[in-house]
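Asker: The structure is given below, and queries will be raised subsequently.
Every number in this text was worked out from the coordinates using simple rules, so none of it is lab data. Quick caveat, the model's predicted, so the values are computed rather than measured. Glycine also receives a Cβ, built like all others from the backbone with ideal geometry; neighbour counts cover every protein chain displayed.
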C-alpha cells in the first residue's frame, strides 16, 4: 500500500505511487488556477518539453571541439584512464571515467562523445520533472522546465565535452534521492532503512563531489537542512555515512593507483592562491576572499545570470550592477525564509543552490569570468527566485504581484527563444570541422593533424593547446606549454655570491647596432644562464668559471661593453619596485627534454579572436625565444600550414644533438 505523507502545501501526496496531489478547498486565485490547469496535463507536457529540448539541442549541436581547450582535457583523461589506467586526479574524476567507456567504443571521435552530453541534458530535464512533480506547484515546475528547454546557454553544453551536463544530471539525482529518502518520509524509520538511506545519500554526495570540486558544497546543504530542521540524528548519521564512503573510496584509490591524496588537494591549493597561475604571489588573505565574493557575485549574478535568462543583452564589455546582485540575494534569502515553512523541497533546493554559488564565488578567480562556471546553478536559482514570487503573492496583501509570475515567465521564455533563434541561425551557417573558424585556428588545427599524420609515432609535439591538438590528432602525444615558469630572483642573488663562479649581467640595449666577433658571440651564448626582465629593461646573465674568466673579461672589455659584476648592484635594481621576471634557458630546454619533446607547433593564435591586429597568444613563441637566445640554431622548421601573411602555424624540430644533448622519447624511456 502506498505511504501517505503531508507536504508543506497542505496537499496529500503519495510518495511511492506518484499520484497527483489532492487540492484543498481553498479559494482559487490566478496562480492556483494555473496550477489546476497544469496538474492533469503534466504527464504529457513533460514529453513535449523533452521534445523541445531535443529539437533545439540538435539545432544547436556543434560537432567541433571548443577552442578553449578545457573540454578536450576531459577526453585526454578519459583516454589515459581507459588505455593506461591512469587515475584522472585533476578536477572531478567521475566524468572522465564515465567518458572513458565511450572512448573505448568510439575512440577519439567527437560526435559520439558529445551525444553523451545531450543524453545527460535530457536525463536532467526528465529527472527534474520526476523530482519536483507533486512536490512543488505545477506553475513553478513548468516555468523552470520550459525556461531550460530552449535556453541556448544551457543547451550549449548538450553538445560539448565539458562536465556541466553530467554535473546537472548528477545534481538532480542527488536532489531526487534526498527528496524521496528524507523529505517524503520524515517520521521514524527502522535502523536498517535509516542506514540504507544514509548510505545512498552518501554515495550520491560523493558522486557529485567527484564530478566537480564545487560539488562538495552539497554536503554543506545537506547538513544545513538537517541542522535547521533540528534533525540531530540525521546530522550524525550523514556525517558518519559520508565519512565511511569517503574512506572506502580513498582506500580503493590507494590500492589501485597508490594515490592517497584528496581530490581537491592539488587544484584546491591553487585556488587559494592570489593568482592561480602565479603561486609566487602568495596565498589569498581573508580580505581577498571577501573581495572575491563581492566581485564574483556581481559578475555571475548581475551579468551572467541576468543575460542567460534574457534580461540583458550580451555585449563584448558588459558592466556589472551591485544593485542587481543585492536584489538577487534578497530574493533568494526571502525564498529560503518563506519555503522553510511553506515547502521543504524548495527550501532544500535553495540551500543546495546557495551553497554551490557561495563556494564558487569564494574560490573562483575573478578574471576567469565565464558563465560556464555557474551553469549548474541556473535552473535551480531560477526556481528559487520564482518560488519567492509565487508564495509572497499568495499573501492577501500582495495579491497584486500574482500577475508578475506568468508575465516574467513569458518574458524569459520569449527572450530566451529570441537568443536561441539567433544562435541556431549562426550555428546552421557553420559546416565542416573547420567551419566558422578564423585562419589562425584553421591553420593550428591543420598543423596538429599534419603532425599526427606525418611525424614518427614516437614523436612528442609541444604546443599551446595540447588538448585540442590531441583531439584533432586522434590521440597523438602532444605536450602543453601553457605558461612560462618564472624563477626566484632571491636564489639567483644567493648563487651570485658563490666563490666558484662569477656572474656578469648585460643590458640587451647595449648590444644594439654592434658587430661582435664570432668568438665573443659564441662565448656570450655558451656562458648564458639567465634572462632577467625588470620592467621594460631586459638583461642576460653569463656565468663565468675561473678557468676562462680572464679570456671572457678581456673580450667584453675590449668590445667596450658595460656590465653588472656585483650582486649588490643587481639587488639595487630589483628594489626599484618594477615587475621582475627571471628565466633560465637551460631549465626551459630541460623541461622539454624530460618530457621527451621532439617537435614544437608554433602558431599565430589571436588574443582577440574577433580581430586580426597582430597581437597573439605568444606563450610558446616566447618559450622558444628564450631557449633560442642561448642555442640560436636549435630549431629547424619542417612544415608550415598557411601563408606567411595569413596567420600560419609551423612545425619545428628540436635539434638537441647540435649542442651535444640527447633526448629520450617516451618510446625509448
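Asker: How far, in degrees from 0 to 90, does helix 191-209 lean away from the longest principal axis of the Cα atoms of the chain, to the nearest 10?
Answerer: 40 degrees
Asker: Here's a follow-up. Using Cα pairs under 8 angstrom and six or more residues apart, how large is the relative contact order of the range 45-120, in percent?
Answerer: Values: 54 pairs, mean separation 20.2, N = 76.
Over the range 45-120, the number comes to 27 percent.
Asker: Give the order of 212, 86, 442 when sorted by the count of other beta carbons within 10 angstrom, beginning with the fewest. Mind showing how you got there, number by number?
Answerer: On the way: 212 25, 86 14, 442 19.
Ascending Cβ contact count within 10 Å gives the list 86, 442, 212.
Asker: Treating the angle as unsigned and between 0 and 90°, give the value, to the nearest 10°, between the Cα long axis of helix 286-297 and the longest Cα principal axis of the chain.
Answerer: The two axes meet at around 60 degrees.
Asker: Also, I was wondering about something else. R0 = 22 Å: FRET efficiency of residue 434 with residue 58, Cβ-based, nearest 0.05? Provide the component values of the computation, followed by the final result.
Answerer: Details: r = 21 Å, r/R0 = 0.97.
Calculated value: 0.55.
Asker: Among [x] 15, 43, 29, 11, 2, 0; [y] 14, 31, 24, 15, 9, 5, 2, 0, 0; [z] 17, 49, 30, 4, 0, which one is P(r) over Cα pairs in 20 Å bins from 0, in percent computed from these coordinates?
Answerer: The calculated read-out lines up with [x].
Asker: To continue, here is another question. Which of the peptides 162-168, 77-83 is most tightly packed, and how do the rest follow, going by the mean number of other Cβ atoms within 10 Å of each residue?
Answerer: Values: 162-168: 25.9, 77-83: 19.6.
Output ranking for 162-168, 77-83: 162-168, 77-83.
Asker: Between residue 490 and residue 240, with labels modelled 7 Å along Cα→Cβ, what's the label distance in nm to one decimal, could you check?
Answerer: If labels sit at residue 490 and residue 240, their model points lie 4.8 nm apart.
Asker: How long is the gain from residue 231 to residue 617 if the chain were fully straight, where each residue apart is worth 0.36 nm and the alpha carbon distance is subtracted? Intermediate values should be presented prior to the final figure.
Answerer: Details: separation 386, 0.36 × 386 = 138.96 nm, distance 5.44 nm.
Length difference between fully extended and current span is 133.5 nm.
Asker: If you project the alpha carbons of the range 485-617 onto their three principal axes, what span does each projection cover, largest first, in Å?
Answerer: That works out to 54, 36, 35 Å along the principal axes.
Asker: Across the range 36-84, what fraction of all alpha-carbon pairs, as a whole percent, falls in each successive 10 Å bin from zero upward?
Answerer: In order of increasing distance, the bins hold 20, 24, 24, 19, 12, 2 percent.
Asker: Rounded, prolate or oblate: which fits the range 534-609, taking a ≥ b ≥ c as square roots of the Cα gyration tensor eigenvalues, rounded meaning a/c under 1.5, else prolate when a/b beats b/c? Let's see the in-between values first.
Answerer: Numbers: a/c = 2.33, a/b = 1.44, b/c = 1.62.
Taking the square roots of the gyration eigenvalues as a ≥ b ≥ c, the range 534-609 is oblate.
Asker: Between residue 550 and residue 247, what is 0.36 nm times their sequence separation minus the Cα-Cα distance? Round to one decimal in nm.
Answerer: Values: separation 303, 0.36 × 303 = 109.08 nm, distance 6.46 nm.
102.6 nm is the gain from fully extending residue 550 to residue 247.
Asker: Right, another one. Place a point 7 Å from Cα of residue 318 in the direction of its Cβ. Which residues in the range 138-155 have their backbone N less than 19 Å from it?
Answerer: 147-155
Asker: Take the Cα gyration tensor of the range 125-232, multiply each eigenvalue by 5, square-root it, and list the three semi-axes largest first, rounded to whole angstrom. Spell out each step's value before the answer.
Answerer: Values: eigenvalues 145, 66, 26 Å².
Each semi-axis is the square root of five times an eigenvalue, giving 27, 18, 11 Å.
Asker: Over the chain, what is the relative contact order in whole percent, taking alpha-carbon pairs under 8 Å and six or more residues apart?
Answerer: On the way: 921 pairs, mean separation 81.7, N = 669.
Taking the mean separation of contacting Cα pairs over the length of the chain, I get 12 percent.
Asker: Another question, then. Where does each of 308, 624 land when they are ranked from fewest to most other beta-carbon atoms within 10 angstrom? Mind dumping the intermediate values first?
Answerer: Numbers: 308 25, 624 22.
Taking fewest neighbouring Cβ atoms as first place, the list is 624, 308.
Asker: Let me see the P(r) profile for the range 27-162: every Cα-Cα distance counted, bins of 5 Å, each bin given as a percent of all pairs.
Answerer: Percent of pairs per bin, in order: 2, 10, 17, 16, 14, 12, 10, 7, 5, 3, 2, 1, 0.
Asker: If I model a spin label as a point 7 Å beyond the Cα along the Cα-Cβ vector, how far apart are those points for residue 285 and residue 395 in nm?
Answerer: Those two pseudo-labels are separated by 4.2 nm.
Asker: Can I ask one more? Helix 110-132 sits at what angle to the longest principal axis of the chain, using alpha carbons and giving 0 to 90 degrees rounded to 10?
Answerer: Once rounded, the angle reads 30 degrees.
Asker: Okay, next question. Contour minus end-to-end for residue 594 and residue 608, with contour as 0.36 nm per residue of separation and end-to-end as the Cα-Cα distance? Present the calculation step by step, with values, prior to reporting the outcome.
Answerer: Numbers: separation 14, 0.36 × 14 = 5.04 nm, distance 3.32 nm.
Extra length from residue 594 to residue 608 when fully extended: 1.7 nm.
Asker: Starting from the Kirkwood Rh over alpha-carbon pairs, what translational D in µm² s⁻¹ does the range 543-583 have by Stokes-Einstein at 25 °C and 0.890 mPa s?
Answerer: Numbers: Rh = 12.4 Å.
After rounding, the answer is 198 µm²/s.
Asker: Relative contact order for the range 502-598: what percent, with Cα pairs under 8 Å and sequence separation of 6 or more? Walk me through the numbers before you get to the answer.
Answerer: Working: 102 pairs, mean separation 36.6, N = 97.
Normalised by residue count, the contact order of the range 502-598 is 38 percent.
Asker: To continue, here is another question. With label points built 7 Å along Cα→Cβ from the Cα atoms of residue 519 and residue 329, find their separation and express it in nm.
Answerer: For residue 519 paired with residue 329, the spin-label model returns 7.2 nm.
Asker: Moving to a separate point now. If each DSSP helix of 4+ residues adds -39,500 (n - 2.57) and the sum is divided by the residues in the chain, what number results at 222 nm, nearest 500 deg cm²/dmol? Please list the in-between numbers first.
Answerer: Values: 25 runs with 347 residues, N = 669.
Calculated from helices alone, the mean residue ellipticity at 222 nm is -16500 deg cm²/dmol.
Asker: Hey, what D do you get for the range 329-486 in µm²/s if you plug the Kirkwood alpha-carbon radius into Stokes-Einstein at 4 °C and 1.567 mPa s?
Answerer: Details: Rh = 20.4 Å.
Stokes-Einstein gives a translational diffusion coefficient of 64 µm²/s.
Asker: What is the packing order of peptides 350-356, 448-454, taking the mean over residues of other C-beta atoms within 10 Å and listing the highest first?
Answerer: On the way: 350-356: 24.9, 448-454: 18.4.
Highest mean packing first, the order is 350-356, 448-454.
Asker: Can you put 384, 252 in order, fewest other beta carbons within 10 Å first? Let's see the in-between values first.
Answerer: On the way: 384 28, 252 10.
Ascending number of Cβ neighbours within 10 Å: 252, 384.
Asker: Over 17 Å apart: what share of the alpha carbon pairs of the range 410-463 falls there, rounded to a whole percent? Present the calculation step by step, with values, prior to reporting the outcome.
Answerer: Values: 855 of 1431 pairs.
Taking all Cα-Cα pairs of the range 410-463, the fraction more than 17 Å apart is 60 percent.
Asker: With r defined as the distance between the Cβ atoms of residue 106 and residue 421 and R0 fixed at 30 Å, what FRET efficiency is calculated, to the nearest 0.05? Write down the numbers at each step before the final one.
Answerer: On the way: r = 32 Å, r/R0 = 1.06.
The computed FRET efficiency comes out at 0.40.
Asker: Could the peptides 363-373, 296-306, 523-533, 119-129 be put in order, highest first, of the mean number of other beta-carbon atoms found within 10 Å of their residues?
Answerer: Values: 363-373: 16.5, 296-306: 22.4, 523-533: 18.5, 119-129: 20.5.
In decreasing order of mean packing, 363-373, 296-306, 523-533, 119-129 become 296-306, 119-129, 523-533, 363-373.
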